[in-house]
Amino acid sequence: MPSGWLGDVYGTKRTLIRIVLAWSLFTVMTGLIYPAVMGATLAFLALLLVRFLFGVGEAGAYPNIARAFHNWFPFQERATAKGAVWMAGRFMGGLSPFLVLMLVYETYNSGQTVVHWRHVFWIFGVIGVLWCILFGWWYRERPELNPNVNEAEVALIRGGEQHGVATAVPWRRIFTNANLWVLCAMYFCAAYGWYFNITYLPGYLRDYFPADFGPETRTKWSAQWCTFSLMAGAPLLLGSLACLAGGVLSDLFIKRTGNRKWGRRLFGVIGHSVCALCFFLALFAHSAVLFILALALAAFWNDMTMGAAWASCIDIGRKFSGIVAGCMNTVGNLGGVAAGFLSGYIIDHTRAPAAQQTATQVASLVGALGHGPLAAVSQLPEAAGIQERLLDASRPGWTINFMVFGAVYVLATFLWLRFDATKPIESD
């Protein structure tokens, strides 16, 4: 939210350059942390601090892009523009693992394999700096500052809405606006279910579909590795197409009907209701292909709402679009945080009896080893089946989690029905 406010008050150009320079700096610094030199504890604390500061620096990127689009796009083109931005983000989110592994390489020294990965962070950091140089030279804060934009184009972009710098911010009006809180609650629900794709999904595939994604998935460029990487990234890759499609359809509906309220609302209702259905169907998927298909379709229909959701921030925020988008994004990320903790709690709670029994068995095995290496526990005949029992005990928890994921998307559907994109924070 503070970064969105900075864009509203001081301009998106300076704010976005600051944001990208910050995340580029801390991306580079990630590759400069050496446990062998710093010690394990200090290296962990340094990594924690650097990645936290990366998040602080990155925060506000999407809200400031929303504010820039308020300056540059008429309302009937904003969902398409925001959908295109989210398409790019989702696409690279799905493609980045492939790029990273293409850049990582191995060397052999004294019979040991050394994996070289630090340069990947340095390359990604430099790309951000190059973007800042190009963006600073090319971008203009408002269309009337660009000599290639004529008066008719400026009038089309303005469309009778408020523009300019947000000098006096009506904070009380913003934070007490029921329309905004409905939008934020919807985005909380949307992030809650979606975060499974970037947290638990890879581990879930390996645990519950071992025949498809066993140890061979760790062998780089093997057939299983490629299949696993493609399936793990499928929700993001398929969702990237939906981001653009949903934005285009939202704007097309408004152009054809002139109804902005249902132009934003309709595709939110359709997207999140079908997404909920896909999560419920995932409960009945007994093969990796069917499970990934259900999850990918859930991500697709969730992302059908992205263009409309972010265009809605611009519609009701206007010259306060950065702050409004920052509010929505903050609450949405809190939904992702809540999903991580609550999903894990549900798993732990449902498998607690089995975990306690397993802990007793492991303790007895460790005692039998005496002072031998702890890793040898997995080699003992008695250890067979312990992991399988834990996974079986976790299944009821995952069933509850997927029911919760579907339920929050049902709630998001009803929240869309309460949102009205034609009611701005501050009227003309």
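The values are calculated or read from the model by the stated rules, or taken from the named source; none is laboratory data. Since the structure is predicted, the reported quantities are computational estimates derived from the model, not experimental observations. A quick note on method: Cβ atoms are made from the backbone with ideal geometry, for glycine too, and the neighbour counts reach across all protein chains shown.
Quick grid of which residues meet (1) modelled with pLDDT of 75 or more; (2) among the aromatic types (Phe, Trp, Tyr); (3) touching a Leu at 6+ places or on another chain (Cβ under 8 Å):
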position: 345; (1), (2), (3): yes, yes, no
position: 360; (1), (2), (3): no, no, no
position: 365; (1), (2), (3): no, no, yes
position: 371; (1), (2), (3): no, no, no
position: 392; (1), (2), (3): yes, no, no
position: 404; (1), (2), (3): yes, no, yes
position: 421; (1), (2), (3): yes, no, no
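The set of residues in segment 388-428 being hydroxyl-bearing (Ser, Thr, Tyr), under 21 Å from residue 269 (Cβ atoms) and part of a helix (DSSP H, G or I) consists of 409, 413.
Condition first: of a type in the set (Val, Ile, Thr) and either buried (at least 21 other Cβ atoms within 10 Å of the Cβ) or assigned to a loop (DSSP other than H, G, I, E, B) (or both). Now tell me which residues in segment 253-275 satisfy that.
If the condition is that a residue be of a type in the set (Val, Ile, Thr) and either buried (at least 21 other Cβ atoms within 10 Å of the Cβ) or assigned to a loop (DSSP other than H, G, I, E, B) (or both), then 254 is the only one that fits.
A count restricted to segment 157-177 and to residues that are at pLDDT 90 or above and either surrounded by 15 or more Cβ atoms within 10 Å (Cβ to Cβ) or in contact with a His (Cβ under 7 Å, 6 or more places away or on another chain) (or both) stands at 2. When each of 86, 137, 122, 131 is tested for being outside any strand (DSSP E or B) and out of contact with any helix residue (DSSP H, G or I) (no Cβ under 9 Å at 6 or more places or on another chain), the lone residue that passes is 137.
Being over 13 Å from residue 310 (Cβ atoms) and either assigned to a helix (DSSP H, G or I) or in contact (Cβ under 8 Å) with a residue 40 or more places away in the chain (or both) narrows it down to one residue among 80, 41, 113, 107; which is it?
None of the others qualify; the one that does is 41.
Counting only helices (runs of 4 or more DSSP H) that fall entirely inside segment 276-351 and contain at least 2 residues that are in contact with a helix residue (DSSP H, G or I) (Cβ under 6 Å, 6 or more places away or on another chain), surrounded by fewer than 23 Cβ atoms within 10 Å (Cβ to Cβ) and not hydrophobic (A, V, I, L, M, F, W, C), the qualifying elements are 321-350. Among the residues of segment 12-38 satisfying the criterion of being among the aliphatic types (A, V, I, L, M) and outside any helix (DSSP H, G or I), which is surrounded by the fewest Cβ atoms within 10 Å (Cβ to Cβ)? The qualifying residue surrounded by the fewest Cβ atoms within 10 Å (Cβ to Cβ) is 32.
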